[in-house]
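J.: First the structure, which I've put down as C-alpha cells, then a few questions once you've had a look.
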Amino acid sequence: MIIIEEDTTISLANNQMEILTGYSKQEIEGKMSWTKFVYKEDLEKMKKYHNERRKPKGNAHKQYEFRFIDKNKKIKNIFLTVNIIPGTKKSLASLMDITERKQIEQEIKKRNEELEKFNKFVVGRELKMVKLKKKIKELEIMFRKKEEKK
C-alpha cells in the first residue's frame, strides 16, 4: 500500500512495499515517484490515469495491471487498485504482485497450444486411417468380385 501525492511522489509506504521494491521506506517516502517503478511501455498510460483521476469528472481506471521494475531491475506483474482520498489530491494505491499467476497463465496457454497441435495431428491421422480402411474394404470387395468371376 502507498499514498501518492499529486506530483507522483510516494508520501507513505507500508512494509510490503519495501519487499516489493527492494527499497527501504526511508528511501521511498517523500523521495521517490511511483513512475520510477513503472515499465517504460506502461508509463504513459499510467500517467494519463494519474492526471485523469484528479479531475473533477475524471474517468480513470481504478483497477488494472501493469509491469513493475524493482531495485534489481526485475520485472514483476502488478494488479493495481487505486483511488483518490476524498477531499484531497492524494491517491491510495494497493499493489499486488501477480507475477507467479501470470507465469502460470502463460504455461497453461503454452500447454493448451501444444495439446491443440497434438489433437489436430491425432485427428488428422485418425481421418487418414478411416480413409485407408475404407479403401481397403473397397479393394477387398473388388478382389472378391474378381475371384467370384473366375
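J.: Within the range 86-107, take every residue that is closer than 27 Å to G58 by Cα and hydroxyl-bearing (S, T, Y) and give me the one that is surrounded by the fewest Cβ atoms within 10 Å (Cβ to Cβ).
T.: T88
J.: Hey, another quick one. So which residues in the range 84-118 are over 26 Å from the mean Cα position of the chain (by Cα) and either of a type in the set (K, R) or not assigned by TED's automatic domain parsing to the domain that holds G58 (or both)? Break it down stepwise before answering.
T.: At the first step, the residues of the range 84-118 found to be over 26 Å from the mean Cα position of the chain (by Cα) are 85-90.
Those that are over 26 Å from the mean Cα position of the chain (by Cα) and either of a type in the set (K, R) or not assigned by TED's automatic domain parsing to the domain that holds G58 (or both): K89, K90.
J.: Of all residues in the range 22-53, which are aromatic (F, W, Y) and either in contact with a His (Cβ under 9 Å, 6 or more places away or on another chain) or not assigned by TED's automatic domain parsing to the domain that holds I84 (or both)? Let's see the steps before the verdict.
T.: Just the residues of the range 22-53 that are aromatic (F, W, Y), to begin with: 23, 34, 37, 39, 49.
Hits for the range 22-53 are W34, Y49.
J.: When you go through E41, E65, E5, E29 one by one, which is the residue that is more than 11 Å from S91 (Cβ to Cβ) and either over 18 Å from the mean Cα position of the chain (by Cα) or touching a residue at least 40 places away in the same chain (Cβ under 8 Å) (or both)?
T.: From the options E41, E65, E5, E29, the qualifying one is E29.
J.: Only residues that are within 21 Å of the chain's Cα centre (by Cα) and surrounded by 13 or more Cβ atoms within 10 Å (Cβ to Cβ): list them for the range 44-55, please.
T.: Correct list: K45, M46, K47, Y49.
J.: Tally time: how many residues in the range 8-35 are touching a strand residue (DSSP E or B) at 6+ places or on another chain (Cβ under 8 Å) and charged (D, E, K, R)?
T.: Residues that pass the stated criteria total 3.
J.: Okay, next question. Please count how many residues of the range 44-59 are more than 24 Å from D97 (Cβ to Cβ) and touching a residue at least 12 places away in the same chain (Cβ under 8 Å).
T.: Kept after step one, since they are more than 24 Å from D97 (Cβ to Cβ), are these residues of the range 44-59: 51-52, 54-59.
Add one more test, that the residue is touching a residue at least 12 places away in the same chain (Cβ under 8 Å), and what stays is 54.
So the count comes out to 1.
J.: Given the criteria out of contact with any helix residue (DSSP H, G or I) (no Cβ under 9 Å at 6 or more places or on another chain), under 30 Å from T21 (Cβ atoms) and at pLDDT 90 or above, does E114 qualify? Don't jump to the end; show me each part of the working.
T.: On the way: out of contact with any helix residue (DSSP H, G or I) (no Cβ under 9 Å at 6 or more places or on another chain): yes; under 30 Å from T21 (Cβ atoms): no; at pLDDT 90 or above: yes.
Spelling it out, it is not the case that E114 is out of contact with any helix residue (DSSP H, G or I) (no Cβ under 9 Å at 6 or more places or on another chain), under 30 Å from T21 (Cβ atoms) and at pLDDT 90 or above.
J.: Another question about this same structure. Could you identify the single residue in F79, F118 that is of a type in the set (F, W, Y) and surrounded by 11 or more Cβ atoms within 10 Å (Cβ to Cβ)?
T.: F79
The values are calculated or read from the model by the stated rules, or taken from the named source; none is laboratory data. Note that the structure is a prediction, hence the values are computed from the model and not measured. Here the Cβ is made from the backbone with ideal geometry for all residues, glycine too, and neighbour counts use every protein chain on show.
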